[in-house]
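**Student:** First, the structure itself, so that you have it in front of you.
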Amino acid sequence: MDTRNEPGWDLSPLYTDPDDPALAQDLEQLQKTARTFRRDFRGRIASDHLTADLLAAALHNYEQLQRWGLKPYLYAQLLFSEDSRPDRHKALLARIRELWSTVSEEVLFFELELLRIDEERFVELSREPQVAQYGHYLRQLRAHAPYTLSEEVEQALKRKDLSGKDAFSQLFEELTSSFVFSFTFPGESEPREVTGEELLSLLHHPDRALREEAFSVFLQRHADNALVLTSCFNNLLLDHAKETELRRYPDIMTPTHLANETQPAMVERLMEVTEANYGLAQRYFKLKKELLGLDEMKNTDLYAPLGTDARQIPLNQARDLVLESFRGFSHELADPAGDFFTAKRIDAMPRPGKAGGAFCQPMMPGMSPYVLLNYTGNPRDVATLAHELGHGVHFVLSGGQNLFHYNAPLPFAETASVFGEMLLTRHLLDREQDPRVKIELLCAKLEDIIATTFRQNVLTRFEIASHQRRAQGLLSPDDYSELWWKHNAALFGDAVTMIPAYRWGWSYIGHFIHARFYCYSYVFGELLVLALYRKYKEEGAAFVPRYLDLLRGGGSRPPQELLDPLGIDLTDPEFWQKGYDFVAELLEELQTLVANAKT
Ligand SMILES: [Zn+2]
């Protein structure tokens, strides 16, 4: 079988194909339930006669209704990720999105009425056990109350989003996933067609000129499409500026903070501490330059392999390594991770038309998540596998929560994934005898940490600056490029020279399009994991059940409450620095290995 053309996952537990009658039935059920829901509960929530039983019944029905719609929607999403080219995939996704939009309008009253319940009455009702099980969801929702508009306005906004911000993110996705590149590999006489993902994976290739050429070709295609890409950015940023104005958010990041349950001062401190530690990254870059024997370190050299043998790790070997490392922690991590392979819920190989990058698609309680990778066989892809399976296990473990508490708070979204990567690294380091391989492993880990902390901080700073500028007027492609350059230069200092085409580095980052201000969550998640991992090393087996409980908690409590049993205080200013102290220790471990290797 040609695995490059067949999706690796089996979506049949959802539906057999887009024309499956069961899918149409579920959509019909969704519409029917929405109508009944509106008839039964409209006007009765924000009412003096509201009882705990009625509120609990409404919440239960609301959950059921979402489940009817989520299954077709998630199926359509997965199908589109698997191959975005067929019209039937596009059509199904569009049809379900439109239907969801109609249904959302119909049931929008519910969350709005929840906001209008008098606070004293709400506190009373929340104490009743049948309501208390939805407590965190309700409190989270009511935090948005001051910024919510009337039902008519909310409805109109949702309707206009279809041809507004949703359309621009869809355009970005369709355009960038349609890019096919023609590229000549060393030793080959003819160019061949490759995806953007395959070009980006060449940043790990031992040939220096090839790395720069591949990244330049990738970025140049984005430059050639600057008109459309800049327009997507400008419109999405303007949309957010208008929304900030309409809803009177005190700050452009307010909705993110409300959603993440983070405080502006906390995140600002996290970012400042990160910037104060940029020197650590520069120390690493200089060491890597020495290891590579270069006079000048370019940003296309950051991920260069140290050995001349570009190790290729077959997928089944990668699977075994990740599962062994999870098993060393607990079989409760390893078993659900192994299920992704046995139940065919992972699509691993790159194909034209397939979504780029890697992700784990959460589903809902009672329905197993799916993982997508673009596995090319380099050691970093093994780390990505550990990352996505970490997410996967998190969603399996939080499956005991109700639908509203299934997803972890956003800054916790990367905890299990990054922890999974850390387990893999230690497992590999412990098995390894050869100091040269140990050096490579530590370099890979430090590069990952740099990519998830320092680089994400740069991305967040760029994103904030772009939004602030957009509020004052249209940005040209050059304006974006200049902002991008400036914030990257702060990290690289005199340690790294950026290649000219890197001006366009901003234009391919999907997070800016699909998940505004998401990137600081990576910084948060990584530093949290470094602290958690250190505790695991200190406390050993006693730590394991507390960590698993953290994952099982999903989004049922605010971040700090979830962390209390682990003895972590997010308001402690020393907390974030501790994460970087651990990075400094890893760097020293590496420096010692390098010094010993010389003698
Ligand atoms: Zn992740």
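**Student:** Which of the lysines could be linked to LYS537 by a straight reach, that is with a Cα gap under 18 Å, when you skip same-chain ones fewer than 8 residues away?
**Tutor:** LYS445, LYS578
**Student:** Also: Which angle between 0 and 90 degrees, to the nearest 10, do you get for helix 415-431 versus the longest principal axis of the chain when only C-alpha atoms count?
**Tutor:** Taking Cα atoms only, the helix is inclined about 30 degrees.
**Student:** If you don't mind, another one. Once both axes come from the Cα atoms, what is the angle between helix 477-492 and the longest principal axis of the chain, in degrees from 0 to 90, rounded to 10?
**Tutor:** Result, in degrees: 60.
**Student:** Mind ranking 244-257, 495-508 by how tightly packed they are, going by the mean number of other C-beta atoms within 10 angstrom, highest first?
**Tutor:** Highest to lowest by the protection proxy: 495-508, 244-257.
**Student:** If Lys and Arg each add +1 and Asp and Glu each add -1, what is the summed charge of the other residues whose beta carbon sits under 13 Å from the beta carbon of VAL180?
**Tutor:** It works out to a net charge of +2.
**Student:** List every residue whose amide H lies under 5 Å from the amide H of TYR375, counting only residues 5 or more places away in sequence or on a different chain, with H placed 1.01 Å from N in the peptide plane.
**Tutor:** Those lying under 5 Å, H to H, from TYR375 are MET349.
**Student:** Carbon and sulfur: what percent of the range 1-160's accessible surface (1.4 Å probe)?
**Tutor:** 48 percent
**Student:** Against the longest alpha carbon principal axis of the chain, how many degrees, from 0 to 90 and to the nearest 10, is the axis of helix 379-397 turned?
**Tutor:** That works out to roughly 20 degrees.
**Student:** Let me ask something else about it. Name the residues whose placed amide hydrogens come within less than 5 Å of the amide hydrogen of GLN361, ignoring near sequence neighbours (fewer than 5 apart) on the same chain.
**Tutor:** When sequence neighbours closer than 5 places are left aside, the close amide H contacts are TYR370, VAL371, LEU372.
**Student:** Tell me the carbon and sulfur percent of the accessible area for the range 163-246, rounded to whole percent, probe radius 1.4 Å.
**Tutor:** 52 percent
**Student:** Of the listed peptides 9-17, 91-99, what is their order by residue-averaged count of other C-beta atoms within 10 Å, with the highest listed first?
**Tutor:** 91-99, 9-17
**Student:** What percentage of all Cα-Cα pairs in the chain are separated by more than 49 Å?
**Tutor:** When every Cα pair of the chain is considered, 10 percent fall beyond 49 Å.
**Student:** Express the carbon and sulfur contribution to the solvent-accessible surface of the range 289-410 as a percent, rounded to the nearest whole number, probe 1.4 angstrom.
**Tutor:** Looking at the range 289-410 in its full context, I get 51 percent from C and S.
**Student:** Could the peptides 261-273, 289-301 be put in order, highest first, of the mean number of other beta-carbon atoms found within 10 Å of their residues?
**Tutor:** Top of the packing list down: 261-273, 289-301.
**Student:** Right, something else. Using just the Cα positions, wrap the range 76-167 in a convex hull and report its mean projected area in square nanometres, one decimal place.
**Tutor:** Value for the range 76-167: 7.7 nm².
**Student:** Shifting gears a bit: Place a point 7 Å from Cα of ALA143 in the direction of its Cβ. Which residues in the range 502-533 have their backbone N less than 18 Å from it?
**Tutor:** 516-525
**Student:** Let me check I've understood the local charge: for GLU447, count other residues with C-beta under 9 angstrom from its C-beta, Lys and Arg +1, Asp and Glu -1. What total comes out?
**Tutor:** Neighbour charge sum, excluding GLU447 itself: +2.
**Student:** Where a Cα-Cα gap under 26 Å defines reach, which lysines qualify for LYS90, not counting those fewer than 8 residues away within the same chain?
**Tutor:** Hits, sequence-local ones excluded: LYS32, LYS71, LYS158, LYS160, LYS165, LYS344, LYS354.
**Student:** At 1.4 Å probe radius, can you tell me the per residue accessible area of the range 103-234 in Å²?
**Tutor:** 49 Å²
**Student:** Measuring with a 1.4 Å probe in the full set of protein chains, what accessible area per residue, in whole Å², belongs to the range 261-346?
**Tutor:** On a per-residue basis, 46 Å².
**Student:** Follow-up question, since we're still on this one. Suppose all protein chains stay in the model; what accessible area per residue would a 1.4 Å probe give for the range 395-536, in Å²?
**Tutor:** Accessible surface, normalised per residue, equals 32 Å².
**Student:** Let me ask you something else. Between beta-carbons, use under 14 Å as the cut-off and find the net charge around PHE512, counting Lys and Arg +1, Asp and Glu -1.
**Tutor:** +3
**Student:** Also, quick follow-up: So which aspartates and glutamates pass the test for LYS288, namely a Cα distance under 18 Å, with those fewer than 8 places away in the same chain ruled out?
**Tutor:** List returned: ASP207, GLU212, GLU296, ASP301, ASP309, GLU440, GLU447, ASP448, ASP494, GLU585, GLU588, GLU589.
The values are calculated or read from the model by the stated rules, or taken from the named source; none is laboratory data. As the structure is a prediction and not an experimental result, all values here were calculated from the model. Note: ideal-geometry Cβ built from the backbone for every residue, glycine included; neighbour counts use all protein chains shown. Just so you know, the surface numbers come from the protein's heavy atoms only, side chains and all, with ligands and any DNA or RNA stripped out. Shrake-Rupley method; radii C 1.70, N 1.55, O 1.52, S 1.80 Å.
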